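Everything below concerns the one structure shown next.
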Amino acid sequence: MSEPQRAKRRLQRSLSPVWIVPIVAVLIGAWMIYDNLSRLGPSITLIMDNAEGIEAGKTLIKTRNVEVGKVEKVSLSDDLSHAEIVARMTPQASKMLNQDTQFWVVKPRIGREGVSGLGTVLSGAFIQLLPGNSEVELETFQVLNQPPVAPPDAAGLRINLTSQIGNSVSTGDPVSYQGFTVGRVESSYFDPDTREMSHKLFIQSPYEGLVTSHSRFWTSSGLDIRLDSEGVKVNVGSLESLIGGGITFGVPANMPRGRQAKEDANYVLFNDEDSANEGHYSNYLEYVLLVDDTVRGLSPNAPVEYRGVRIGTVISVPWNFTAPQPDSLSRFAIPILIRIEPERFDDQDTEPDMASWAERLDAMFGHGLRASLKAGNLLTGALFVDLNFYKDAPPFQHMTFVEKPVFPSTSGGFAQIEQKVSNLLDKLNKLDIEPILSTLNTTLASTEQTMRKVNDIASSVDKLLTDPATSKLPANVNTTMRQLRDTLQGFSPDSQGYNELTQTLSRLEKLMRDVQPVVRTLNDQPNALIFNKKLSADPQPRAKQ
């Protein structure tokens, strides 16, 4: 037997069939380990302010109600400032984990929009995943405290608002247009550098076309009560805005609609609708009023009006009060800073020519344009600046106050009334009162004498009325009236006297008819009673000669 044959035989003796089973078991185990490892998805870390309702090994991660992961570990951060949650995701969820992905906890909530998450009362809270579209992959995510208003790829428009810190607007508040909700506030935060509140709004499709370049935004408190010169106005919004507030927007009536707003456009959030309609004007002319009257009732943002039309705004009352004033005016006048805003009249799409407006106002000053303070509301005592032309205005002189031009002014309405009252008192003081008082005393003496005579006459009348004969006078009158009535009844148609009178009148009428021939005869021949009446001859016809 050769050497190779002997080596082969030795190998066959060393490979016993008994080793087949463990080898197969090892291969199966390796395959199972590979299969389990291949089925495991990525591990991610979630950052939360607190881990309320989250349990390791039980809390699931879902998207569209499909399980895509499970919480494996819940622990505190090293600085104890937040909770860190380690979750194992499924392999198919690996493509969802990018920079735009959002997580939040679904649990029972009661808010302005109603009650949500009631299904988690029995099943327990779970973590909702909203996939993003970014290509940047992440392994650590911040869990949101509230569900997002809309997914990042939702159809609509996102814009930015800036406002003062006083506005009470929070995430989730409604954004309405003419009372209809068209969007929500996605986020609100305070910027300590600019000292302003920043809000991000989402206007859902198809309402994004309502937002234009001329749109104005203001806070809606739900209940607005105003007392102005037109009376009391009460505006009540929706129940949701009444409870939690919100934001409303629109285009002022005196402005064109404007162009369609772009994504991430910036706007200013005003406190109320009136402020929004007044708007924010970047082009203006600043003037200073030096007022000798009282400024009580005049406050910043008060209107500057020209014959009832607003053309500007009061900025500061007073302004640089201690600065030296021009010698040509009173040194105790109160300076007021105002702005004339030509954009209220010019096309909003083009910038107004401020130099031309300044020249126009200078020309109007020369023709008597003056400013005065007038009462806008007698109930509240609020004042406004009124611009008008005055024929008796003193000549205009160019002057400045703290490097700003002075707008010529005149006394206001109450000051004019006070001046008229003062002039009236001066005229009364100049009157010669003594002759008037003497005449008045004489008149009073004559009046006293007249009153005494009137009293004497009244006494005489009183005596006459109290005389017993006067008291019997009505009875005598009544008796006379009865006798007169009895006499008149004797001449009634049914009475005997009336019949006798009728017969007498009839006989008299007959007698008159009988006497008429005698009267005619006497008229023709007065001596007919003595002589016989002559018979007249018959007339003889004759021819005309």
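The values are calculated or read from the model by the stated rules, or taken from the named source; none is laboratory data. Since the model is a prediction, treat every value here as computed from it, not as a measurement. Cβ sites come from the backbone with ideal geometry, for glycine too, and all protein chains shown count toward neighbours. When the accessible area is computed, the model is the full protein with side chains, heavy atoms only, and any ligands, DNA or RNA have been set aside. Shrake-Rupley method; radii C 1.70, N 1.55, O 1.52, S 1.80 Å.
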Problem set entry | Inter-residue pairs, beta-carbon under 8 Å, first farther than 13 Å from TRP319 by Cα and in region 397-408, second small (Gly, Ala, Ser), 6+ apart | GLN397/SER328; MET399/SER328; PHE407/ALA371; PRO408/ALA371; PRO408/ALA393
Exercise. Among the residues of region 58-72, which ones are within 49 Å of the chain's Cα centre (by Cα), closer than 16 Å to VAL105 by Cβ and in a loop (DSSP other than H, G, I, E, B)?
Worked result: ASN65
Exercise. Quick one: how many residues across region 134-150 are open to solvent by less than 50 Å² (accessible area, probe 1.4 Å) and in a loop (DSSP other than H, G, I, E, B)?
Worked result: 3
Exercise. Within region 243-301, can you find the residues that are charged (D, E, K, R), at pLDDT below 80 and under 16 Å from ILE340 (Cα atoms)?
Worked result: GLU278
Exercise. Can GLY209 be described as surrounded by fewer than 16 Cβ atoms within 10 Å (Cβ to Cβ) and either modelled with pLDDT of 85 or more or aromatic (Phe, Trp, Tyr) (or both)?
Worked result: yes
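Does region 440-449 include one or more residues that are hydrophobic (A, V, I, L, M, F, W, C) and under 60 Å from the mean Cα position of the chain (by Cα)?
Yes, region 440-449 has at least one match.
Run down GLY69, GLY29 and say which single residue is over 24 Å from GLN99 (Cβ atoms) and at pLDDT 70 or above.
Numbers: GLY69 fails: over 24 Å from GLN99 (Cβ atoms).
When all the criteria are applied, what remains is GLY29.
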For this session: Evaluate region 40-57: report whether one residue or more is surrounded by 10 or more Cβ atoms within 10 Å (Cβ to Cβ), more than 52 Å from the chain's Cα centre (by Cα), at pLDDT below 75 and not small (Gly, Ala, Ser).
Result: yes
Exercise. Looking only at region 277-318, which residues are open to solvent by less than 40 Å² (accessible area, probe 1.4 Å) and either assigned to a helix (DSSP H, G or I) or of a type in the set (A, V, I, L, M, F, W, C) (or both)?
Worked result: LEU285, VAL288, LEU289, LEU290, VAL291, VAL295, LEU298, ALA302, VAL304, ILE311, VAL314, VAL317
Seminar exercise, completed: Condition set under 23 Å from the mean Cα position of the chain (by Cα) and at pLDDT 80 or above, scope region 153-168, selection surrounded by the most Cβ atoms within 10 Å (Cβ to Cβ): answer is LEU161
Exercise. In region 73-97, what residues are open to solvent by less than 40 Å² (accessible area, probe 1.4 Å), outside any strand (DSSP E or B) and more than 22 Å from ASN133 (Cβ to Cβ)?
Worked result: SER77
Problem set entry | Pairs where the first residue, in region 128-146, is free of Cβ contacts under 8 Å to residues at least 40 places away in the same chain and more than 21 Å from SER43 (Cβ to Cβ) and the second is open to solvent by less than 70 Å² (accessible area, probe 1.4 Å) and part of a loop (DSSP other than H, G, I, E, B), C-beta under 6 Å, 6+ apart | ASN133/ASP100
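So which residues in region 256-272 are outside any strand (DSSP E or B) and over 15 Å from VAL169 (Cβ atoms), if there are any at all?
PRO256, ARG257, GLY258, ARG259, ALA261, LYS262, GLU263, ASP264, ALA265 - these are the residues of region 256-272 that are outside any strand (DSSP E or B) and over 15 Å from VAL169 (Cβ atoms).
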Problem set entry | Yes/no for GLU84 being under 16 Å from THR140 (Cβ atoms) and more than 54 Å from the chain's Cα centre (by Cα) | no
Exercise. Going through region 361-381 one residue at a time, which ones are in contact with a Leu (Cβ under 8 Å, 6 or more places away or on another chain), at pLDDT below 85 and aliphatic (A, V, I, L, M)?
Worked result: ALA375, LEU379
Exercise. Can GLU230 be described as at pLDDT below 85 and touching a Ser or Thr at 6+ places or on another chain (Cβ under 9 Å)?
Worked result: no
